[in-house]
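The values are calculated or read from the model by the stated rules, or taken from the named source; none is laboratory data. As the structure is a computational prediction, the values presented were derived from the model and not from experiment. FYI the Cβ positions are ideal-geometry reconstructions off the backbone, even for glycines, and counts take in every protein chain you see. Just the protein is used for accessible areas: all its heavy atoms, side chains included, with ligands, DNA and RNA removed. Shrake-Rupley method; radii C 1.70, N 1.55, O 1.52, S 1.80 Å.
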Amino acid sequence: MPQETDARLASGYTIKVRAYAKVNLTLDVLGKRPDGYHELESIMQSIGLYDTLEFKNASSGVQIHCSHPEVPADESNLVYKAARALQERFGLAGGAEIRLEKAIPVAAGLAGGSADAAGALVGLNALWGLHLSQRELGEVAAGLGSDVNFCLTGGTALAQGRGERITVLPAAPNFWLVLLKPRFGVSTAEVYRGLDLKAVEPLRPDTVAMLNACVVNDFDAMAAGLRNVLESVTCRLHPELNELKEALLRAGASGALISGSGPTVFGVVPDEEGAGEVAAALMGIKATRYVTSTHRKGVEVERTGGPADRIGQGAG
Ligand code: ATP
């Protein structure tokens, strides 16, 4: 075991990271592959909504603490899977105790679980003193889920393949978002099952135009180009989402779209003041409102330090 890791174990060293949610500015499904996955093309954008993960060394095993009622604290949690994948791939003996505080709504189309998995890879890389490169972490991420690679990279990026092939793009215009998350969640698998590729042909995004809008920093072109082929399926399953979208546009958003497979609907606004006005106009709507802006990273280390008696009680 490296000396550095020894010292961290002895001191009760803790690491705290922020794992950011995403929205899809475009989402296109190009076809179905022989392996059963869909071939995707999506421009993804990190936003300022984040979960917090705190890590502490343990002599063995991986333990997750999470009080959110819809998030499992067992082996099915993506944070657990990320930790185990690192342990197995690099033959690590040590364990970790991980506290997860959810702020990203669950099953919302905002990649909350994937963000947490990316956060776990970054946090454990630091906690265990692994010194893995972004590329090595990316290899582990690809085995955990389609959105984990994007969450690891963050900012603005083009995702291809199952979503795991990431090309970093110049940052999209910095803008604000008002998100509306209805009470229900949506199963991504069910949405893909309902997708008829011929029927969505007229709804496909112009990915190149969106790429250009990002490159030349053109907010209006970005707002006009928001498209997601999954939207029609999700709206067919939950027609009330059309009303949320229209409400955002009526309230003054420059464009509105469902993120991923939904059900979160987001409206885009050029500035903070405008976003506040849109959110205020939607008071009383049957959905939780979030106001945030674009973010340039997928994962940020908020604090490294120790000692701490119990995870969650460290300095900072
Ligand atoms: P995507 O946008 O990638 O489709 P999502 O935002 O729609 O994802 P998640 O919030 O990731 O959905 O949750 C999907 C399911 O994954 C939930 O039903 C939850 O039980 C499970 N899950 C496993 N680990 C986590 C985690 N760390 N955070 C949230 N959900 C998790």
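Between the stretch 93-128 and the stretch 15-89, what's the alpha-carbon centroid distance in Å?
When both Cα centres are located, 6 Å separates them.
On a straight-distance basis, which lysines could pair with K56 in a cross-link, Cα separation under 22 angstrom, same-chain partners fewer than 8 positions away excluded?
Leaving aside lysines fewer than 8 places away in the same chain, those within reach of K56 are K16, K81, K102.
First measure r as the distance between the Cβ atoms of S76 and K297, then evaluate 1/(1 + (r/R0)^6) with R0 = 30 Å and state the FRET efficiency to the nearest 0.05.
So the FRET efficiency works out to roughly 0.65.
Considering only protein heavy atoms and a 1.4 Å probe, what is the carbon-and-sulfur percentage of the accessible area of the stretch 176-293?
51
With no solvent and one equal point scatterer placed on each C-alpha of the chain, evaluate the Debye formula and give log10 I(q)/I(0) for q = 0.07, 0.10, 0.11 Å⁻¹, two decimals.
-0.28, -0.56, -0.67
Leaving ligands, DNA and RNA out of it, work out the accessible area of M44 with a 1.4 Å probe and give it in Å² to the nearest 10.
0
Mind telling me which of L195, L158, L121 comes out most flexible in a GNM of the chain, alpha-carbon contacts under 10 Å?
L195
Considering only the other residues whose Cβ falls under 12 Å of the Cβ of T156, what net charge follows from Lys and Arg at +1 and Asp and Glu at -1?
Summing Lys and Arg as +1 and Asp and Glu as -1 gives +3.
Could you quote the convex hull projected area for the stretch 176-293, Cα atoms only and averaged over all directions, in nm²?
Here the figure is 7.2 nm², rounded to one decimal.
At 1.4 Å probe radius, can you tell me the per residue accessible area of the chain in Å²?
Value for the chain: 44 Å² per residue.
Identify, among L180, Q134, G194, the residue whose Cα sits farthest towards the positive end of the charge dipole of the chain, taking +1 on the Cβ of Lys and Arg and -1 on the Cβ of Asp and Glu, with the dipole about the Cα centre.
Comparing the listed Cα positions along the dipole, G194 ranks first.
List the lysines whose Cα sits under 17 Å from the Cα of K245, skipping any in the same chain fewer than 8 residues away.
K181, K286
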